[in-house]
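Every read-out reported here was derived from the displayed coordinates using simple, explicitly stated rules and does not represent laboratory data. These numbers come from a predicted model, not from an experiment. Because the Cβ atoms are built from the backbone with ideal geometry, glycine has one as well, and the counts that use them run over all protein chains shown.
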Amino acid sequence: MDAASLFGLVGFFFGIVLHIFLLLLVLKRKRRKFETLLISLLTGLLIWYAGNFVSLLLRQMDIDKVAGVLKWFDIAAFTGLSFLPALMLHTHWIYYQNHFDAGLKETR
């Protein structure tokens, strides 16, 4: 295993741990629209990190034996990644409406 693969595995593993921790913190809060969007965003990031972690592990094995499984984990990783821009935009918009929009209305 080369240094780049090892660095990637460590980074993806810590990404998984961090997003599980953040997801558990958000799940403890009362559900509103913002928390629901934040849970969706963190789940998408968790799927992306987990898919890349398993994909990188499978690439270290015999590629002929794991090619079918590798394809499905790559699909899972890119599916999680495809939802991130829209979820991030909606999460930021709801946060802006909850925290800044009300302050602007009071000053007018």
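Simple spin-label estimate for K28 and T43 gives 2.1 nm between the two label positions (7 Å along the Cα-to-Cβ direction from each Cα). Between V17 and F100, the contour length at 0.36 nm per residue exceeds the alpha carbon distance by 26.7 nm. Taking the structure as given and computing Cα extents along the principal axes in Å, which label from (1) 41, 26, 20; (2) 47, 44, 32; (3) 65, 24, 21 fits? Of the labelled values, this structure produces (3).
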